[in-house]
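Below: the structure, in structure tokens.
The values are calculated or read from the model by the stated rules, or taken from the named source; none is laboratory data. Computed from a predicted model, the values in this text were never measured in an experiment. Positions of Cβ are backbone-derived with ideal geometry, glycine not excepted, and every protein chain shown enters the neighbour counts. Ligands, DNA and RNA are excluded from the accessible area calculation, which covers all protein heavy atoms including side chains. Shrake-Rupley method; radii C 1.70, N 1.55, O 1.52, S 1.80 Å.
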Amino acid sequence: MKTAIVASLVASAAAFAPTKTAQASTQLSAWIEDTVVGVTPPAGFFDPLGLSKGKDDATMKYYREAELKHGRVAMAACLGWYLNAGGVHPAFNSALSNDPLKAMVELPAVGWLQFVLGCGAIEWLGQQIKERPGYEPGDLLGAAYWVDNSDEGWVSYQNKELNNGRLAMLAITGMIYQDVFVGDYGDMMYKQLVR
């Protein structure tokens, strides 16, 4: 079991190893430049599976939108995981389990209905916002109207959000893995490794 955990940690660490990017087609070359939001050291333009090869700008913007959305959801999930594991339950009089996966199973139907309707409302609102002129991927609040990517502070903020979202996606995956396969969900999730 320890070997599997160590192997998964090594494999996930390899995701951050720098890679050489080959010369790409003209369609993708605008997304590989060092000045593009999301192309950050040490990985640079990170696409180990080659999902972006031969894709046009519309598809790449769709991918960026999906990356931002998944990153934001993962950041919220990490925060919610530790709040729940710490015993903070905003609803149901804290009657649910402290284990987030068990609490998910214990959640009554009305809780699931609220969850589905809330997510649906956010998705609908996001689709409405995308139809406005000048929309940039992930810019749900309209910041592109006031600042563009020539402002270093704005580009730095966007890179930080993308990188934090990327890390959160890996983190929540690790938390769920630990809960399912090791049975530990709290703040000392990795105590089996340090025994």
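Multiply the residue separation of Lys53 and Ser156 by 0.36 nm, subtract the distance between their alpha-carbon atoms, and state the gained length in nm to one decimal. Don't jump to the answer; show the numbers that get you there.
On the way: separation 103, 0.36 × 103 = 37.08 nm, distance 2.60 nm.
Extra length available between Lys53 and Ser156 comes to 34.5 nm.
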Go through the range 67-80 residue by residue and turn each phi into a ³J(HN,Hα) via Karplus (6.51, -1.76, 1.60, θ = phi - 60°); whole Hz please, and just put x for glycine and proline.
4, 5, 5, 5, x, 5, 5, 5, 5, 5, 5, 5, 4, x
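Compare Met60, Met104 by solvent-accessible area with a 1.4 Å probe and give them largest first, with all protein chains kept in place. Intermediate values should be presented prior to the final figure.
Numbers: Met60 15, Met104 95 Å².
Sorted by accessible area, descending: Met104, Met60.
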What ³J(HN,Hα) values, in whole Hz, does the Karplus curve 6.51 cos²θ - 1.76 cosθ + 1.60 give for the range 145-160 when θ = phi - 60°, with x put for Gly and Pro?
6, 9, 9, 10, 6, 8, 8, 4, x, 5, 5, 4, 4, 5, 5, 5
Would you give the gap between the C-alpha center of the range 89-145 and the C-alpha center of the range 149-166, rounded to a whole Å?
23 Å
Roughly what would the spin-label model give for Asp184 and Trp112, points 7 Å off Cα along C-beta, in nm?
3.1 nm
For Lys55, counting only aspartates and glutamates whose alpha-carbon sits under 18 Å away and dropping same-chain residues fewer than eight positions off, the answer is Glu33, Asp47, Glu65, Glu67, Glu136
For the range 56-62, 3J(HN,Hα) per residue [Karplus equation, 6.51 cos²θ - 1.76 cosθ + 1.60, θ = phi - 60°, Hz, x = Gly/Pro]
8, 4, 4, 5, 5, 5, 5
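Taking the mean number of other Cβ atoms within 10 Å as a proxy for protection, how do you rank 106-115, 138-147 from highest to lowest?
Numbers: 106-115: 11.9, 138-147: 14.1.
Output ranking for 106-115, 138-147: 138-147, 106-115.
From largest accessible area down, sort Lys130, Lys61; use a 1.4 Å probe on the protein chains.
Working: Lys130 65, Lys61 85 Å².
Descending accessible area places them as Lys61, Lys130.
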Tail weight of P(r) past 23 Å, computed on alpha-carbon pairs of the range 74-195, percent:
51 percent
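Which length gain, in nm to one decimal place, applies between Val105 and Ala76 when the Cα-Cα distance is subtracted from 0.36 nm times their residue separation? Before the final figure, lay out the partial values.
On the way: separation 29, 0.36 × 29 = 10.44 nm, distance 1.92 nm.
Difference between extended and current length: 8.5 nm.
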